[in-house]
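Report on the following structure.
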Amino acid sequence: MTQISFEGKVAVVTGAGQGIGRMYALELAKRGAKVVVNDLGVSREGTGKDTSAADGVVDEIIKAGGSAIACYDSVATMEGGKNIIKKAVDTWGRLDILINNAGILRDRSFLKMTEEEWDLVTGVHLKGAFCVTQPALKVMKENNYGRVVFTASASGLYGNFGQTNYGAAKMGMIGMMNSLKQEFSKYNIKINTVAPTAWSRMTADVLPPDFKDKFKPQFNEPMVLYLCAEENSITGEIFVMGAGWYGRSAIVSGDGICIGDADRAISVEEIRDNIEAISSLENSREHDSALSVFSYMGPLLK
Ligand code: NAI
């Protein structure tokens, strides 16, 4: 079996000071990558600041014989994002891999959610993904090579009580990915999204206690490293995982039904009378661009 190597590659992992991101950083370094370990060192809610989280992982990597450097900037500002990418380029002259992993939580049922809680969570996850990915893609485009991973969540894909801010931010990254896969496919840049699950400080009071030994952060790492490997040709896809289960999730559309002739008005009663066919996901398909959805309307457009 040939080994997947990251020798000669330079990687940035955001939020790599603990939890799932730490596993990505350690394994990338073990397999030869030079790694920028980014972490602001905040609490689960995004408060405080502490350099020891990133430093600890850098020490671990260096002790094991690998190459790593810490970066304490926040992903949530453009200046921070640029600094994180600059760190990689200034230190090792290139950037091949970006794993957007940093995250915080401010859970609250929707009617009680404050503007601050909304802004903080979307600011780190969604705007943060923009702030780091834009400077990263500038470098990757120049080099005609790159691997980018966004971190979504089953909470965004399928819903979770009290997480409208988090869910919206996580799904926003999928929207980003869908456009980016088109903008950057010709530069040999593969961009994918994962929805991991792990026992971490983020989930310790959500997952049942007996999940602690099963949902190890490590189990997310092989899938993400595969997506970051040179041999990976997949782009624009969503993978869900946890405890050693790996699967793909997708946004699909059903065949639907054409009503009328694209000329006469359609009544609300016609929608009611056809709601079963409209709602059906039989023969559901994925679409690789917004334009491809027009294929359903073909009979109406003749
Ligand atoms: P964690 O809380 O253990 O680690 C997140 C890290 O991100 C922390 O070290 C924190 O200091 C850092 N961070 C937070 N804000 C930052 C900022 N503005 N700039 C730089 N670093 C920042 O969380 P965990 O569980 O390892 O989660 C990693 C990612 O996976 C997150 O994006 C999370 O939303 C996502 N996720 C985790 C799940 C789980 O089951 N643990 C489930 C679904 C998604």
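Values in this text are rule-based calculations from the coordinates and carry no lab data. As the structure is a prediction and not an experimental result, all values here were calculated from the model. Please note: Cβ atoms are built from the backbone with ideal geometry, for glycine as well, and neighbour counts cover all protein chains shown.
Some notes on this structure:
- Kirkwood hydrodynamic radius over Cα pairs of the range 130-251, then Stokes diffusion coefficient at 37 °C and 0.692 mPa s, in µm²/s: 216 µm²/s
- The chain - share of DSSP beta bridges that are antiparallel (%, nearest 5): 20 percent
- Unit Cα scatterers, Debye sum, the range 44-142: log10 I(q)/I(0) for q = 0.11 Å⁻¹: -0.40
- Histogram of C-alpha separations across the chain, 10 Å bin width, %: 6, 26, 32, 20, 10, 5, 1, 0
- Relative contact order of the chain: 14 percent, from C-alpha pairs under 8 Å at least 6 residues apart in sequence.
- Packing, as the average of other Cβ atoms within 10 Å across residues, places the peptides 282-291, 148-157, 15-24, 52-61 in the order 15-24, 148-157, 52-61, 282-291, highest first.
- Computed over the Cα atoms of the range 87-144, the ratio of the radius of gyration to the Kirkwood radius (Rg/Rh) comes to 1.17.
- Tally of Lys pairs whose C-alpha atoms are under 26 Å apart, taken over the range 125-278, 8 or more apart or cross-chain: 21
- Summary value for the range 1-160: 23 percent relative contact order, contacts being C-alpha pairs under 8 angstrom separated by 6+ residues.
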